[in-house]
Structure formats: structure tokens, C-alpha cells
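Report on the following structure.
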């Protein structure tokens, strides 16, 4: 689904394709989450990494891109990379290098010490990254660069949908639109365990990203994404707030 000329959502996945740059962009994998929870005595079946590998194989077949960018939070733990994360991140890098000529990581707020893994696997690590018309930053702080498009993650955007009897379902979504002099795309989390904030239910002051708190997010367009139903365009976020 094209949201801007040359910019596509790779339905039904939370992944973006930049056609002219031949680049795929995803964000917020949070690898190692189940292992960290297990160390704290909370057991979660270890299905996330297997699912994410399936997604990467699928999107590499759907779009023959030359490069892929992980736009922040490839891992979950804030402190030194754990054994679980080290193993999973390394295995992921090997998989991506089999399918893409270039693998890039933009550092997110969960990616402390990630340099030890990227360096071992010869993966490019960036604080922020500009590719053609697009400036990629994770979103946990204000961007330092400038370009026609901003692409970010961090917020884990989702919307709450209600049926006729009030049952609620949370669906991850893309946000996109104009911020004035720039165009903005906010990526949903690739992690199936990190659906994130129900943006149509929470006030602007509770948004995670300082960048989103600084703009009129209600003007941004919403496209929900689900492997069950594909991509679903909705009204701008402000209108969804009024009907929540």
C-alpha cells in the first residue's frame, strides 16, 4: 500500500519500503524479551524470534531491496547485552545478511551495548541515518538531522477498536502525514509482544516520543496493519479520538 509516492507499507507486515532507495525499514524488535522475563520468574513461550524470522523472509521475497534498516530497539534489555539477546541478535544479523546487501541499525533507547554485536557481525550502527530523502531516527529524542521525510519508531503506535457490545481489540498501526515543513512516518513495532500505546485513548501528554508531543499528532493519518486482515486505512487520529 503506497502512502506517499515511492513509499509503501509491505502489507500485511509492520514494514516500510522506500522504493527509490531500495530500502526496507522496520523498528522495535525487542529481541530477548522472553529470556529476560524468564530470568525474572515470568515464563513467556519463546515464539517471538521465530515469528520475526518468518516475517523477514517474507518481506525479502515481497520486495527485492538492497538494504534493510532496523530503526531502533533491536534488543530489549537496557543494560549489558544478555546471552539471550546476544545469540538472537547475532542469528538475526546472519539471516539479514543472506537476503540484503546492506544491514543497518539505528540505535534506540534499548540498544545500550549493541555495538559489541554489530561490530562482531560487521553491521553498520548509526545514531541517526539519512538515506536519500529520508532521515531515520528512533524517536526517543528529537532528531538532529533534517530531510524531506522523517521516519521513526519508539512509540509502538496502535489503536483501540470496539465492537457493538464494547469489546476492545488493540491493533498496531502506522501514522503518517505532514508536520509542516516535513513529512512524517511512524512505524509500529515489529515485535508481536510490544503492541504499544492506544493512541486514540491516551492524551497527547502521555505519548512516549518528545517529537510526537511537539507536533499536532491528531492531523496524522492512520493505517492499521494486521496479518489477518492486511492494511486498513482509518480517519486521521484526531477523528478516531472523538469516536473512542
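The values are calculated or read from the model by the stated rules, or taken from the named source; none is laboratory data. Since the structure is predicted, the reported quantities are computational estimates derived from the model, not experimental observations. Backbone-built Cβ (ideal geometry, glycine too); neighbour counts: all protein chains shown.
Table for the structure above
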{"quantity": "Members of segment 181-199 that are in contact with a helix residue (DSSP H, G or I) (Cβ under 8 Å, 6 or more places away or on another chain) and in a loop (DSSP other than H, G, I, E, B)", "calculated": "190, 191, 192, 193, 194, 199"}
{"quantity": "Among residues of segment 159-180, those that are assigned to a loop (DSSP other than H, G, I, E, B) and at pLDDT below 85, counted", "calculated": "5"}
{"quantity": "Restricting segment 166-194 to residues that are touching a residue at least 60 places away in the same chain (Cβ under 8 Å) and surrounded by fewer than 18 Cβ atoms within 10 Å (Cβ to Cβ), the residue that is farthest from residue 228 (Cα to Cα)", "calculated": "193"}
{"quantity": "Filtered residues of segment 205-222 (kept if surrounded by 18 or more Cβ atoms within 10 Å (Cβ to Cβ), under 16 Å from the mean Cα position of the chain (by Cα) and not in a helix (DSSP H, G or I))", "calculated": "207, 209, 222"}
{"quantity": "Residue 115 being over 17 Å from residue 30 (Cβ atoms) and surrounded by fewer than 20 Cβ atoms within 10 Å (Cβ to Cβ)", "calculated": "yes"}
{"quantity": "Qualifying residue in segment 150-165 (condition: surrounded by fewer than 18 Cβ atoms within 10 Å (Cβ to Cβ), more than 19 Å from residue 3 (Cβ to Cβ) and under 17 Å from the mean Cα position of the chain (by Cα))", "calculated": "no"}
{"quantity": "Residue match in segment 230-244 (condition: touching a strand residue (DSSP E or B) at 6+ places or on another chain (Cβ under 9 Å), part of a loop (DSSP other than H, G, I, E, B), loosely packed, with under 14 Cβ neighbours inside 10 Å and without any contact (Cβ under 8 Å) to a residue 24 or more places away in the chain)", "calculated": "yes"}
{"quantity": "Flag for residue 24 being in contact with a strand residue (DSSP E or B) (Cβ under 6 Å, 6 or more places away or on another chain), under 16 Å from residue 190 (Cβ atoms), outside any loop (DSSP other than H, G, I, E, B) and modelled with pLDDT of 95 or more", "calculated": "yes"}
{"quantity": "Residue among 210, 188 that is out of contact with any strand residue (DSSP E or B) (no Cβ under 7 Å at 6 or more places or on another chain) and modelled with pLDDT of 95 or more", "calculated": "210"}
{"quantity": "The one condition in (1) surrounded by 16 or more Cβ atoms within 10 Å (Cβ to Cβ); (2) in a loop (DSSP other than H, G, I, E, B) that residue 202 fails to fulfil", "calculated": "(1)"}
